[in-house]
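Here the structure is laid out as structure tokens; the discussion comes afterwards.
The values are calculated or read from the model by the stated rules, or taken from the named source; none is laboratory data. In this text, all values refer to a predicted model and were calculated from it rather than measured experimentally. Cβ atoms come from the backbone with ideal geometry, glycine included; neighbour counts cover every protein chain shown.
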Amino acid sequence: MRHGSMVDPPNRFEKVHRQLQLDQVEWDLEYLQQLDHRKIEYFDDDSKSIVSENDSPDIPFRYSLNPYRGCVHGCAYCYARPTHEYLGLNAGLDFETKVLVKERAPQLFRDWLARDSWKPQLIVMSGVTDCYQPAERQLKLTRGCLEVALEARQPISIVTKNTLVTRDIDVLKEMTRFKIVNVALSVTTLDYDLAQVMEPRTSTPCARLRAIRELNDSGIPTHVMVSPIIPGLNDSEIPGILNAAKEAGAWSASYILLRLPLSVREVFLEWLERAQPQAKDRVMSRIRSTREGELSSSRFGDRMKGSGELADQIAQTMRVFSKKYGLDRTPDPLETSHFRPPKQSSGQLHLF
């Protein structure tokens with residue numbers, strides 16, 4: 001089984017850290033192979049709420065819905081990895097092999113929307129981990145939440161890199177009738193081999209482009225995210241990705257520069273050394289040139305886009321080719337006027 005990370009970085013909230021000593025088992029190839037090929041485990045997440053709220057000034061939405069915590073896609077660069085540390089786990093192998101599942105997600109979402117205090121506005125699926133990761137094929141929690149959103153006419157933006165989203169085209173088409181849904185597909189590279197090592201357990205680049213085409217053919221507003229852009233590794237692909245996305249029917253485009261907050265840095269650098277050793281020095285140098293000499297920045301305003309000459313060149317490239325391919329338009333806002341509170345999971349009806 002392929003992993004994006006091959007390390008267990010220390011949990012920043014834990015006082016005790018475990019360090020493997022393998023000197024005595026260096027001959028035990030079976031045991032060593034098990035360490036590098038961990039099975040994926042799923043655990044019940046008995047959360048009492050399903051919608052998260054943020055007030056970050058550079059995030060264009062306030063509310064997000066996440067049916068899963070952790071993600072088996074195993075993307076080496078994933079900014080969400082440190083969220084696993086709140087669970088007493090680590091941001092490396094734990095994040096992609098120990099996934100918590102909110103099995104009551106549709107019920108919790110229904111009760112959230114049924115509250116008298118809820119004033120309808122955009123909710124993003126998912127603001128953290130991918131709502132269409134492989135377990136969704138069997139569990140159908142994301143689909144259940146979309147069915148609740150359709151019933152309530154609640155506007156939803158979907159962000160994913162998995163073609164499983166096309167399974168739910170029937171629901172998405174109905175939501176499109178009320179202008180309450182759009183979908184953003186992340187396309188990081190068109191290079192199959194690079195995608196296989198950088199995003200080992202999600203859909204291939206050509207499959208994502210096919211998903212954009214299927215969504216567009218069904219009339220579902222579809223956005224392409226060139227995200228993340230990794231200077232020195234995939235920034236040269238911006239024109240090609242935008243061209244391919246336009247040919248597939250994408251309506252608009254955006255990008256985010258690579259972010260390496262907290263323990264993501266250790267995971268990504270280990271991956272870079274292991275999977276792209278010939279590019280390591282170049283990539284690290286160019287990342288630093290977009291982060292004022294550092295590998296990451298948490299400063300609102302430029303943490304998503306970076307700063308400096310190279311960051312400006314990346315932004316200019318996006319502007320020029322987005323305009324060339326007609327992807328520079330701003331997506332239409334989703335409609336909130338059709339909202340109607342759904343029936344509560346208890347069966348309690350609204351008086352008015």
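Tabulated results
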quantity	calculated
Residue under evaluation Pro106, criteria (1) farther than 20 Å from Ala184 by Cα; (2) surrounded by fewer than 19 Cβ atoms within 10 Å (Cβ to Cβ); (3) modelled with pLDDT of 95 or more, criterion not met	(2)
Test: residue in the range 158-174 that is among the hydroxyl-bearing types (Ser, Thr, Tyr), over 19 Å from Leu141 (Cβ atoms) and under 18 Å from the mean Cα position of the chain (by Cα)	no
Pair list, Cβ < 7 Å and 6+ apart or interchain, from the range 7-27 residues that are outside any loop (DSSP other than H, G, I, E, B) to residues that are modelled with pLDDT under 90	Val25/Tyr31; Val25/Leu32
Residue match in the range 124-144 (condition: acidic (Asp, Glu), in contact (Cβ under 8 Å) with a residue 40 or more places away in the chain and in contact with a helix residue (DSSP H, G or I) (Cβ under 6 Å, 6 or more places away or on another chain))	yes
Criterion: in contact with a strand residue (DSSP E or B) (Cβ under 7 Å, 6 or more places away or on another chain), closer than 21 Å to Pro200 by Cα and surrounded by 14 or more Cβ atoms within 10 Å (Cβ to Cβ) - qualifying residue of Tyr63, Tyr68	Tyr68
Extreme residue, farthest from Cys75 (Cα to Cα), among residues of the range 169-213 that are hydrophobic (A, V, I, L, M, F, W, C) and in a strand (DSSP E or B)	Val181
Only one of Ala248, Ala315, Ala279 that is at pLDDT 95 or above, small (Gly, Ala, Ser) and crowded, with 17+ Cβ neighbours inside 10 Å	Ala248
Qualifying residue in the range 296-303 (condition: crowded, with 21+ Cβ neighbours inside 10 Å and not aromatic (Phe, Trp, Tyr))	no
Entirely in the range 239-352, the helices (runs of 4 or more DSSP H) that have 3 or more residues that are over 25 Å from Cys75 (Cα atoms)	309-324
Complete set of residues in the range 261-283 that are among the aliphatic types (A, V, I, L, M) and farther than 23 Å from Asn90 by Cβ	Ala279, Val283
Qualifying positions in the range 260-309 - in contact with a helix residue (DSSP H, G or I) (Cβ under 8 Å, 6 or more places away or on another chain) and of a type in the set (S, T, N, Q)	Ser263, Gln276, Ser289, Thr290, Ser296, Ser307
Set Met304, Met318: member being under 28 Å from Lys246 (Cβ atoms), among the aliphatic types (A, V, I, L, M) and in contact with a Phe, Trp or Tyr (Cβ under 6 Å, 6 or more places away or on another chain)	Met318
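Here's the yes/no breakdown for (1) over 17 Å from the mean Cα position of the chain (by Cα); (2) among the small types (Gly, Ala, Ser):
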| position | (1), (2) |
| --- | --- |
| Gly88 | yes, yes |
| Ala91 | no, yes |
| Glu103 | yes, no |
| Phe109 | yes, no |
| Asp116 | yes, no |
| Gln121 | yes, no |
| Met125 | no, no |
| Tyr132 | no, no |
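Okay, residues lined up against (1) surrounded by fewer than 20 Cβ atoms within 10 Å (Cβ to Cβ); (2) modelled with pLDDT of 95 or more:
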| position | (1), (2) |
| --- | --- |
| Glu41 | yes, yes |
| Asp58 | yes, no |
| Ala80 | no, yes |
| Phe95 | no, yes |
